[in-house]
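The values are calculated or read from the model by the stated rules, or taken from the named source; none is laboratory data. Values in this document were obtained by computation on a predicted structure and should not be read as measured data. Reconstructed Cβ throughout: ideal geometry from the backbone, glycine too, with neighbour counts over all protein chains shown.
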Amino acid sequence: MKIAHIVSYYNSAYKYQEYYLAAQQAKDGHEVYIITSDRNYPFIDYNNTARSAFGPRRLKPGCSMENGVHIIRLSLILEYRTRVILKSFRKTIRHLSPEVLIIHGLMNFAALSLLYCNINAKLIFDDHMLISQVDRSLIGKMIYMIYRVFITPQIIKKATKVVAISEGCIPILNQFFGIPLDRISLIPLGADDNLFSYSDKKRIEIRNRHVINLDSIVVIFTGKLIKRKGLEKISEALEIIDSEKKIHILIVGSGSEEYKRELINTFNSRNHSFTIHPFVSSEELVGYFCAADIAVYPVEATISTVEASSCSLPIICTNEIPERYKNGNGFGIEPGNIKQLKEALFILIEDEELRKKMGRKGRELVENELSWSKVSNNFLSSIEH
């Protein structure tokens, strides 16, 4: 099949759902395209936080090939709060004439225009919004109302599938966007189980590199270093844990220098052993997961939970994404709940056998349900050839 993914921003260094889905589909023999803007994602303070990892914010429009996937970058006409309108977008779609269009994000301005023109492709919409991301302002409420009145009826009429990437997304799609529950398919995010797998060698290598004692229990967080991720809550929870074990906090990600200094001051004031390391590629990230004992994401959901599980790590994450720990491979907590975070951390810190058992169950969950090959098959199931 000829499959086109529509996503506002794309960079192969920032491997997320659209990267892995497209690569897997190309591997499976499909002709795959990604249609995107000529911009990198607008990270806060881009030049200081993201440029070193992803290159300049503005990219060159045109076509290229990566991992067997055709990348088409179109010039930007308008950008508003990570929503984009692209030059020659519908013309490009008509020229490609794909059989399947996978549209990432229900608020993708460019893609929504396709609902009002004649295309023969099967339309699959997915969305990643959780309750913590809902815009509850007056303007936000008006936008959701307009969406339900003018856009949702078209989606119901024309979309082959509307996909929620987590159980926590389902009520948002239903209550705020007006998508009927029986039209929503749950297809969770996945992990590259070939790349993300445990290695004793990598564990020792990373610990030696960062001078982390081999007998320390390492609590890892990976992702953007921004306030809303709640990294300081990890330190706050560890502060009230009564344990004799050596604990090391390992942070892997990039952010503003101001927030990084704030974190360092917080960790130092609580006498916590810690390492903060800048963003690394997925290939390098594997080693950091292997070096850790517990992966913690206390406030926001992230694809890193699945990748950590694939590396046999027990996870602590928000209870908005129960499908990620349903195999007994971790704990779900209310976003930012210090008491629940402390209790989950204490149990895992004190019980090595439980950590190993949960790690095995996490790997099992990924292999059985959350590998990208299985996720891709779920996206394309019931699509007529």
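Can you give me the number of residues within region 56-70 that are closer than 23 Å to Leu21 by Cα and surrounded by 11 or more Cβ atoms within 10 Å (Cβ to Cβ)?
Number satisfying all stated conditions: 9.
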Output yes when any residue across region 314-334 is free of Cβ contacts under 8 Å to residues at least 40 places away in the same chain, of a type in the set (Val, Ile, Thr) and assigned to a loop (DSSP other than H, G, I, E, B), and no when none is. no
Boolean, Ile316 is surrounded by fewer than 22 Cβ atoms within 10 Å (Cβ to Cβ), of a type in the set (Val, Ile, Thr) and out of contact with any Cys (no Cβ under 9 Å at 6 or more places or on another chain): no
Can you list the strands (runs of 3 or more DSSP E) found entirely within region 1-80 that contain at least 1 residues being closer than 27 Å to Glu284 by Cα and without any contact (Cβ under 8 Å) to a residue 12 or more places away in the chain? 62-66
Can you tell me how many residues in region 1-15 are surrounded by fewer than 22 Cβ atoms within 10 Å (Cβ to Cβ), closer than 15 Å to Trp372 by Cβ and either in contact with a His (Cβ under 9 Å, 6 or more places away or on another chain) or of a type in the set (Lys, Arg) (or both)? 1
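Quickly run through region 337-353 and pick out the residues that are part of a loop (DSSP other than H, G, I, E, B) and either buried (at least 17 other Cβ atoms within 10 Å of the Cβ) or hydroxyl-bearing (Ser, Thr, Tyr) (or both).
Residue satisfying the conditions is Asn337 alone.
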Of Gly168, Gly178, the only residue that is among the small types (Gly, Ala, Ser), under 25 Å from Tyr325 (Cβ atoms) and out of contact with any strand residue (DSSP E or B) (no Cβ under 7 Å at 6 or more places or on another chain) is Gly168
For region 143-161, does any single residue satisfy the condition of being touching a strand residue (DSSP E or B) at 6+ places or on another chain (Cβ under 7 Å), modelled with pLDDT of 95 or more, under 24 Å from His30 (Cβ atoms) and of a type in the set (Val, Ile, Thr)? no
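The rows are residues; the columns are (1) surrounded by 15 or more Cβ atoms within 10 Å (Cβ to Cβ); (2) at negative phi; (3) of a type in the set (Lys, Arg); (4) not assigned by TED's automatic domain parsing to the domain that holds Cys317.
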site: Gln154; (1), (2), (3), (4): no, yes, no, yes
site: Val162; (1), (2), (3), (4): yes, yes, no, yes
site: Ile172; (1), (2), (3), (4): yes, yes, no, yes
site: Gly223; (1), (2), (3), (4): yes, no, no, no
Tally of residues being farther than 13 Å from Cys311 by Cβ and of a type in the set (D, E, K, R) across region 365-381: 2
Unique residue being among the hydroxyl-bearing types (Ser, Thr, Tyr) and in contact with a Pro (Cβ under 8 Å, 6 or more places away or on another chain) when the list is Ser64, Ser75, Ser88: Ser75
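Quick grid of which residues meet (1) under 19 Å from Ala292 (Cα atoms); (2) hydrophobic (A, V, I, L, M, F, W, C):
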| position | (1), (2) |
| --- | --- |
| Phe221 | yes, yes |
| Lys227 | no, no |
| Leu238 | yes, yes |
| Asp242 | no, no |
| Lys245 | yes, no |
| Gly253 | yes, no |
| Ser256 | no, no |
| Arg261 | no, no |
| Phe267 | yes, yes |
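The rows are residues; the columns are (1) buried (at least 20 other Cβ atoms within 10 Å of the Cβ); (2) outside the structural domain of Val280 (by TED's automatic domain parsing); (3) at pLDDT below 90; (4) β-branched (Val, Ile, Thr).
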residue	(1), (2), (3), (4)
Ala22	yes, yes, no, no
Thr36	yes, yes, no, yes
Ala53	no, yes, yes, no
Arg73	no, yes, no, no
Arg83	no, yes, yes, no
Leu96	no, yes, no, no
Checking the structure you have, find out if any residue of region 346-366 is modelled with pLDDT under 95, within 26 Å of Gln17 (Cβ to Cβ) and not assigned by TED's automatic domain parsing to the domain that holds Ala50. no
Which is in a loop (DSSP other than H, G, I, E, B) and in contact with a helix residue (DSSP H, G or I) (Cβ under 9 Å, 6 or more places away or on another chain), of Ser197, Ser185? Ser197
